[in-house]
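Novice: The following block contains the structure, expressed as structure tokens.
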Amino acid sequence: MRILFIKSTIILVGCAFISLAHSNDLIAFGKACLVKEARLNKAKSRLDILSLREQSSHAQSNQALNYLQHYRAEKATLETAMTDCAETTPNSAYCHQIRHRYNELNYLIQRAKADKVEEDLAGNDSHIDYEITRANFHQRYEAFVAYCRNSDAHYALIQNPTAYAAVCSSEDAKPTITCSLF
């Protein structure tokens, strides 16, 4: 009887150690997932900033195009006035103002064209960087979800009260994907 008691005690202690070891594995798994999730959240914040920069760059490019169109339309109107001036009173103050504004518009058009070219070159690079970064983020996020939320280890973490308490007891950890069932 005593031998049977000792054997059953050894089996129970062994099971407890196996359970404890399994809990430790789940705790390590949960903490690793929390670290990955924190990194992904930081990457998402940087991606949001890149998105805002991309939108700002696009808006500036559109604004430069609008200025260019406006300058060209005003220049076309002034060309007609310059023709009238040349035929009537070419040396009048009015004609001098028209020629001065016409020269200013030529300068502004050239400057707007140069700005547009620079913005297009810079904008294309930032757009490409943003797209690559966004695609990379989505790949990493999907891998994270597959590993840390849609896996048997995650389900075991949620079901094990010891491991869940060790990983998800802080207020910061509770709302995370790692500590939620769905």
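Novice: Determine whether ALA86 is over 30 Å from LEU47 (Cβ atoms), small (Gly, Ala, Ser), more than 21 Å from the chain's Cα centre (by Cα) and modelled with pLDDT under 90.
Specialist: Working: over 30 Å from LEU47 (Cβ atoms): yes; small (Gly, Ala, Ser): yes; more than 21 Å from the chain's Cα centre (by Cα): yes; modelled with pLDDT under 90: yes.
Against the criterion (over 30 Å from LEU47 (Cβ atoms), small (Gly, Ala, Ser), more than 21 Å from the chain's Cα centre (by Cα) and modelled with pLDDT under 90), ALA86 qualifies.
Novice: Just to verify a result, which residue in segment 64-83, among those that are closer than 30 Å to ILE132 by Cα and modelled with pLDDT of 80 or more, is most open to solvent (accessible area, probe 1.4 Å)? It would help to see each step written out before you state the result.
Specialist: Just the residues of segment 64-83 that are closer than 30 Å to ILE132 by Cα, to begin with: 64-66.
From the residues that got through so far, the ones that are modelled with pLDDT of 80 or more too are 65-66.
On the way: LEU65: 65, ASN66: 94 Å².
If we take residues in segment 64-83 being closer than 30 Å to ILE132 by Cα and modelled with pLDDT of 80 or more, then ASN66 is most open to solvent (accessible area, probe 1.4 Å).
Novice: Of the conditions (1) modelled with pLDDT of 85 or more; (2) of a type in the set (D, E, K, R); (3) open to solvent by 90 Å² or more (accessible area, probe 1.4 Å); (4) under 30 Å from GLN159 (Cβ atoms), LYS36 fails just one. Which one is it?
Specialist: Result: LYS36 passes all but (3).
Novice: Of all residues in segment 149-175, which are assigned to a loop (DSSP other than H, G, I, E, B) and either at pLDDT 90 or above or open to solvent by 60 Å² or more (accessible area, probe 1.4 Å) (or both)? Spell out how you get there, then give the answer.
Specialist: Here is the first cut: in segment 149-175, the ones assigned to a loop (DSSP other than H, G, I, E, B) are 149-151, 160, 169-175.
Selection gives ARG149, ASN150, ASN160, SER169, GLU171, ASP172, LYS174, PRO175.
The values are calculated or read from the model by the stated rules, or taken from the named source; none is laboratory data. Quantities reported herein were computed from a predicted structural model and do not represent experimental measurements. Don't worry about glycine lacking a Cβ; one is built from the backbone with ideal geometry, like all the others, and counts go over all protein chains shown. Only protein heavy atoms, including side chains, enter the accessible area calculation; ligands, DNA and RNA are left aside. Shrake-Rupley method; radii C 1.70, N 1.55, O 1.52, S 1.80 Å.
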